[in-house]
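J.: My questions all concern the structure below.
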Amino acid sequence: MSPFGGHGVPFRRIPAMVMPEKPSLDGLESKWDEWWQASGTYRFDRSTSRDQVYAIDTPPPTVSGSLHVGHVLSYTHTDLTARFQRMRGLEVFYPMGWDDAGLPTERRVQNYFGVRCEPSLPYDPAYDYASLERPDDREQIPLSRKNFIELCGRLTAVDEKAFEELFRHLALSVDWDHSYTTVGDRSRRASQRAFLRLLANNYAYTAEAPTMWDVDLRTAVAQAEIEDREQEGQYHRIAFDREDGGVVEIETSRPELIPACVALVVHPTDERYMASVGSTVLTPLFRVPVPVLAHELADPEKGTGVAMICTFGDVTDVTWWRELRLPARVIMQKDGSIGKKTFGERGWESRDPEAANAALDQIAGMYAKKARKRIVEMLKESRHLLGEPQTIRHPVKFYERGDRPLEVISSRQWFVRTLEHRDDLLKRGAELDWHPPFMQARYDSWVRGLNADWCISRQRFFGVPFPLWYRVDEKGNPNYDEPLVPEESLLPIDPLADVPEGFSADQRDQPGGFTGDPDIMDTWASSSLTPQIAGGWEDDPDLFSRVFPMDLRPQAHEIIRTWLFYTVLKSQLEHGSLPWTNVAISGWVLDPDRKKMSKSKGNVVTPLGLLEQHGSDAVRYWAASARLGADATFDEQQMKVGRKLAIKILNASRFTLGMEAAPGEVTEPLDRSMLAALGSVIGEATDAFAGYDHARSLDLTERFFWAFTDDYLELVKHRAYGAHGEAPAASAVAALRTALDALLRLFAPFVPYVTEEVWSWWRQGSIHRAAWPVAEDLGPGAAQGDREIYELGAEILTAVRKEKALQKVSLRAAVDLVTVHDVPERLALLTHVERDLMEAGNVARIETVVADSPSVITVLAPVEG
RNA sequence: GGGCGCGUAGCUCAGCGGGAGAGCGCUCGCCUCACACGCGAGAGGUCGCAGGUUCAAAACCUGCCGCGCCCACCA
């Protein structure tokens, strides 16, 4: 027999309806997941007005990776809030995105199909992708960009299906009708449109400028993708000869850049070098005359106090170069090797060009590390190297996924103005509600530390191309100052395949013709538009007006400087507003050794395995116990506790709903007392949840619930069975059901499966569309309840149990006499629980003694026979 | 180098100006008519260290120590 009754009952009927004899968690997950999907429980009602909508900017997971426990943690956190807000009556817009753009997908598709992206190829709409299966060791087949993107879509569709299944299993209350991919048309259209608007508003510009450059990927990278790595290096003390005799000593860790030296610099107030400022020195080996200049950024404490300015050793060099208006002598090439230059020519003046060229020949073609070694030998021979190099450890900039240090290389790139918006961006950051608040410090320190505009162009092939062409003049030079832009309605376009209006295809790359921009955008240029993409910006204005700006951005803290920052930036520049009002930052999952869990460390815990082993409600319980912003320890014990809770909810509910007496008015003081206590729990749990503190909400509810089953249920069950007559029984049954009804709803966001199951036994519709409880639900009796009665009853019951435990007898063991010592006010309340206590503890008599402090003495009855 | 967070029972954590707490684990008991996937009870802590403020400090201030993270102009 299926839980549906086995006779083809229509899907939309609630599946259970009947309380089972022996409730179990088995089968609940697939049953309810199916029903939720079929009945559209989480479907977004797009007729709702903006003020009744709660919109979530879901993070699109990278589909070419795999989901790990960290996803389970953070996506559960988001779902908790989604469910809470939905129950509070808001229409929740909870879409799902799939990040299938970017390098990971590119690599995966390359390897999986044995292909590569070749943007210059024309699109073949009839390409037979099936022919690509089984790549073996044949050569990589080149594909046009559009074909490559289609192929990515084919592969990632499979991944997306698997991800969706896991997320559904985890009970994410996502509306699956609202999903998007970052490589899809909508995303590319939005990215290109956003770029064109930046361009139109002069927020984007192109420039030939020094930027951070990865010599392996051979592309520019943005500041946000750079990380410092502590590396070993060496300080070399090197003498520059003064033309008027004497030397100026500098220290550098990059002597191979001496041929690129354009000046020396000292701090303007540095007494030691004041006399040298304005003089000319000759670079060692190359004998290039360079000036000694003064600038505030020179640090008298570092090295000798004199720094060598090269074009370009680091970003400080760029600053000096720009502010001191120095010439450029670039020797570093895009592949990271030293280039060949001719000293003696214009811009490469030397007092001894022959020697200079000979010296450069020694290192030309070498990569930095090798060139350094060679030049140090040469400096040693020429006696310009003073003393032995000193080994140091210093931070070196790397592309976050790169293997070799970044170089600063001048190239033409597209930039988005960020520096001039710094103050606005800081203001927006302050307007956001951060959960937890201290995470704002990460954002602030990042924005304050910005030192360059956002370089958004990448010299890669797979990604969203710039929707631009450039006119080519008669000499064959592109005119970058006046790019040709397409109509927005034509987006997305590929400038390497599509032809600009007014030109024909055969004019491509011809003098007097046009050329397409060869670059693609930084992946963050698309990712920073997730609220717009999910919300239907320009594509679906009606939807967009109902969901934007959104209410919540959930995300991890390590991408505050990228995803969060760029999203705020884009929204500011396009809409002049924040993209959302709240940000919820989940922590990482740490393994028991306190290290971040990751598959690279060998901590292979698959989420699906966890869900199957412990149950989704149990795993969610673990995730829900971790607060936002705090790293969570991977703790299967906690999942077992969650499972116990789910089972307890089943059993307590069955018991409560199985009472035969009809519920009546809640008249008994103990019942009212319990409901009064529940009323304040509802208040506190609601406040906590509304403040994004789901862990506290759960803790409060759970604490109440366990006491409810241990004490209240025990105290009233005999009365509920009718031990004291009909009215007292009716009061107990009513109070039990009222409490259960509210507790189930308080628990619903945390353990959606088991609460839905119990709800179906006696209520209509989905609990996840039911109203979040309020104290008024508990009826007038609760308002009149005195919470101390419940507390007193529980305390005395505990004291009686304790005596039985100490005597090692059954909890059903008969008690002759219980003497309650307490203050008069509390003793006065005892009458309200006396009879329930006698039943629950199997107590024959209760006596009271007035005392200064409470204590209970229990006398067990002698065992019969 | 600057910043943020965290250091409370064996473990995971809550508490954040007036009783040192919860769950798990451990020990001991209990087949009590919802649940043995259960129930009850117990043991267990100089609240990282040192100063200070206060009638009162785990909580507030200062300084250190340890752990994690974020940021930082590589001379």
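J.: Over all directions, average the projected area of the Cα convex hull of the range A:626-712 and note it in nm².
T.: 7.0 nm²
J.: While we're here: Only helical DSSP H runs with n ≥ 4 go in: add -39500 (n - 2.57) per run for chain A, normalise by residue count and round the 222 nm mean residue ellipticity to 500 deg cm²/dmol.
T.: Numbers: 26 runs with 322 residues, N = 865.
Using -39500 (n - 2.57) per qualifying helix, the result is -11500 deg cm²/dmol.
J.: Another question about this same structure. Can you give the local net charge around A:Thr581? Use residues other than it whose beta-carbon is closer than 10 angstrom to its beta-carbon, Lys and Arg +1, Asp and Glu -1.
T.: Values: positive: A:Arg553; negative: A:Glu431, A:Asp433, A:Asp551.
That works out to -2.
J.: Loop only per DSSP, at most 12 neighbouring Cβ atoms within 10 Å: give me the trypsin sites (Lys or Arg not before Pro) in the range A:133-190, ordered by residue number. Mind showing how you got there, number by number?
T.: On the way: sites: A:Arg138, A:Arg145, A:Lys146, A:Arg154, A:Lys161, A:Arg168, A:Arg186, A:Arg188, A:Arg189; in loops: A:Arg138.
Answer in residue order: A:Arg138.
J.: If I model a spin label as a point 7 Å beyond the Cα along the Cα-Cβ vector, how far apart are those points for A:Ala130 and A:Val277 in nm?
T.: If labels sit at A:Ala130 and A:Val277, their model points lie 7.7 nm apart.
J.: Okay, next question. Ratio of the range A:138-187's C-alpha Rg to 2.2 N^0.38 Å, to two decimals? Display every interim value, and only then the final one.
T.: Details: Rg = 14.3 Å, N = 50, 2.2 N^0.38 = 9.7 Å.
Relative to the 2.2 N^0.38 Å estimate, the range A:138-187 comes out at 1.47.
J.: Taking the Cβ of A:Leu713 as the centre, find all other residues whose Cβ is under 13 Å away and add up their charges (Lys, Arg: +1; Asp, Glu: -1). Each step should come with its number before you reach the end.
T.: Details: positive: A:Lys648, A:Arg654, A:Lys717, A:Arg719, A:Arg737; negative: A:Asp671, A:Asp710, A:Asp711, A:Glu714, A:Asp836, A:Glu839.
With Lys, Arg at +1 and Asp, Glu at -1, the net is -1.
J.: Right, next: Check each of the chymotrypsin sites (Phe, Trp or Tyr not before Pro) in the range A:717-780 and keep only those in coil by DSSP with at most 10 other C-beta atoms within 10 angstrom; list them in order.
T.: Details: sites: A:Tyr721, A:Phe747, A:Phe750, A:Tyr753, A:Trp759, A:Trp761, A:Trp762; in loops: A:Tyr721, A:Phe750.
Listed in order of number, the matching sites amount to none.
J.: I need the P(r) histogram for the range A:191-271: all alpha carbon pairs, bin width 10 Å from 0 out to the longest distance, whole percents.
T.: Using 10 Å bins, I get a P(r) of 11, 25, 29, 18, 12, 4, 0 for the range A:191-271.
J.: Assuming R0 = 35 Å, what is the FRET efficiency of A:Phe655 and A:Asp852, from their Cβ-Cβ distance, to the nearest 0.05? Write out the running numbers ahead of the final one.
T.: Values: r = 39 Å, r/R0 = 1.12.
Efficiency computed from Cβ-Cβ geometry: 0.35.
J.: Next question. Restricting things to alpha carbons, find the Rg to Rh ratio for the range A:748-855 using the Kirkwood radius for Rh. Please list the in-between numbers first.
T.: Numbers: Rg = 19.3 Å, Rh = 16.9 Å.
So for the range A:748-855, dividing Rg by the Kirkwood Rh gives 1.14.
J.: Follow-up question, since we're still on this one. Roughly what would the spin-label model give for A:Asp26 and A:Asp473, points 7 Å off Cα along C-beta, in nm?
T.: Placing both labels 7 Å beyond Cα along the Cβ direction yields 8.1 nm.
J.: Quantify how much of the Cα-Cα distance distribution of the range A:346-389 extends past 16 Å, in percent.
T.: Values: 425 of 946 pairs.
It works out to 45 percent of all Cα pairs.
J.: Please state, rounded to one decimal and in Å, the Kirkwood hydrodynamic radius that the range A:246-327 gives when every pair of distinct Cα atoms enters the mean of 1/r. Intermediate values should be presented prior to the final figure.
T.: Numbers: mean 1/r = 0.0803 Å⁻¹.
After inverting the pairwise mean of 1/r, the radius is 12.5 Å.
J.: Hey, which aspartates and glutamates would be in cross-link range of A:Lys804, C-alpha to C-alpha under 14 Å, not counting anything within fewer than 8 residues on its own chain?
T.: Counting by Cα, and skipping residues close in sequence, A:Lys804 has these aspartates and glutamates nearby: A:Asp816.
J.: From the mean inverse distance of alpha carbon pairs (Kirkwood) and the Cα radius of gyration, derive Rg over Rh for the range A:148-215.
T.: Details: Rg = 18.0 Å, Rh = 15.5 Å.
Dividing the radius of gyration by the Kirkwood radius yields 1.16.
J.: Counting other C-beta atoms within 10 Å, which of A:Lys370, A:Lys717, A:Lys570 has the fewest, and how do the rest follow?
T.: Values: A:Lys370 14, A:Lys717 18, A:Lys570 27.
The order, fewest Cβ neighbours first, is A:Lys370, A:Lys717, A:Lys570.
J.: Still on this structure, please answer the following. Quick one: if you take sqrt(5λ) for each eigenvalue of the C-alpha gyration tensor of the range A:687-795, what semi-axes come out, biggest first, whole angstrom?
T.: Values: eigenvalues 126, 61, 34 Å².
Gyration-tensor ellipsoid for the range A:687-795: 25, 18, 13 Å.
J.: I'm checking a number: the convex hull volume of the Cα atoms of chain A, normalised per residue, in Å³. What is it? Could you put the intermediate results ahead of the total?
T.: Numbers: hull volume 209.4 nm³, N = 865.
Here the figure is 242 Å³ per residue.
J.: I'd like the FRET efficiency for A:Glu118 and A:Asp687, computed as 1/(1 + (r/R0)^6) with the beta carbon distance as r and R0 of 60 Å, rounded to 0.05. Write out the running numbers ahead of the final one.
T.: Working: r = 58 Å, r/R0 = 0.97.
Efficiency computed from Cβ-Cβ geometry: 0.55.
J.: Next question. For chain A, what is the percent of antiparallel DSSP beta bridges, rounded to the nearest 5?
T.: Details: 60 of 94 bridges.
Antiparallel: roughly 65 percent of the beta bridges in chain A.
J.: Related question: Past 23 Å, Cα to Cα, is the threshold; run A:Lys22/A:Lys717; A:Lys370/A:Lys397; A:Lys644/A:Lys808; A:Lys640/A:Lys808 against it and keep the listed order.
T.: Values: A:Lys22/A:Lys717 19 Å; A:Lys370/A:Lys397 19 Å; A:Lys644/A:Lys808 26 Å; A:Lys640/A:Lys808 29 Å.
In this structure, A:Lys644/A:Lys808; A:Lys640/A:Lys808 lie more than 23 Å apart at Cα.
J.: What does the net charge come to around A:Asp519 if you take all other residues with beta carbon closer than 11 Å to its beta carbon, with K and R at +1 and D and E at -1? Can you show the working numbers first?
T.: Values: positive: A:Arg412, A:Arg458, A:Arg460; negative: A:Asp517, A:Asp522.
After counting each charged neighbour, the total is +1.
J.: What FRET efficiency, computed as 1/(1 + (r/R0)^6) with R0 = 45 Å and r the Cβ-Cβ distance, is obtained for A:Lys380 and A:Glu208, rounded to the nearest 0.05? Don't skip to the end; give the middle numbers.
T.: Details: r = 37 Å, r/R0 = 0.83.
Computed FRET efficiency for A:Lys380 and A:Glu208: 0.75.
J.: What residues from the range A:546-584 fall in the zone where the backbone N is under 15 Å from a label point 7 Å along the Cα-to-C-beta line of A:Ala200?
T.: A:573-576
J.: Need the full-extension length gain, A:Ala358 to A:Gln390, defined as separation in residues times 0.36 nm minus the C-alpha distance. One decimal, nm.
T.: Numbers: separation 32, 0.36 × 32 = 11.52 nm, distance 2.75 nm.
The A:Ala358-A:Gln390 span can extend by a further 8.8 nm.
J.: Let me ask something else about it. Just subtract the alpha-carbon distance of A:Arg448 and A:Asp228 from 0.36 nm times their residue separation and send over the number in nm, one decimal. Provide the component values of the computation, followed by the final result.
T.: Details: separation 220, 0.36 × 220 = 79.20 nm, distance 1.73 nm.
In short, 77.5 nm is gained.
J.: Starting from 0 in steps of 10 Å, tell me what percent of the Cα-Cα pairs of the range A:483-630 lands in each bin.
T.: 9, 24, 24, 22, 13, 7, 2
J.: Cα atoms only, the range A:282-423: Rg and Dmax in Å?
T.: 16.7, 53
J.: Which whole-angstrom value gives the distance between the alpha carbon centres of the range A:412-487 and the range A:692-762?
T.: When both Cα centres are located, 55 Å separates them.
J.: Compute the Rg/Rh shape ratio of the range A:392-509: radius of gyration over Kirkwood radius, all on alpha-carbon atoms.
T.: On the way: Rg = 20.1 Å, Rh = 18.5 Å.
Ratio of gyration radius to Kirkwood radius: 1.08.
J.: By how many nm would the segment from A:Ala814 to A:Arg737 lengthen if fully extended, with 0.36 nm per residue of separation less the alpha-carbon distance? Mind showing how you got there, number by number?
T.: Numbers: separation 77, 0.36 × 77 = 27.72 nm, distance 2.98 nm.
Result: 24.7 nm gained on full extension.
J.: Going by Cα centres, the range A:274-294 and the range A:237-264 are how many Å apart?
T.: 8 Å
J.: Just need the relative contact order of chain A here, percent rounded to a whole number, with Cα pairs under 8 Å and 6+ apart.
T.: Numbers: 1609 pairs, mean separation 120.2, N = 865.
Taking the mean separation of contacting Cα pairs over the length of chain A, I get 14 percent.
J.: Name the lysines eligible as straight-distance cross-link partners of A:Lys146: C-alpha to C-alpha under 25 Å, and not fewer than 8 places from it in the same chain.
T.: Candidates past the 8-residue exclusion: A:Lys161.
Taken together, the values in this text are just the output of simple stated rules run on the coordinates, not laboratory data. Keep in mind it's a predicted model, so treat the numbers as computed, not measured. Quick reminder, even Gly has a Cβ in these numbers, built from the backbone with ideal geometry, and neighbours come from all protein chains shown.
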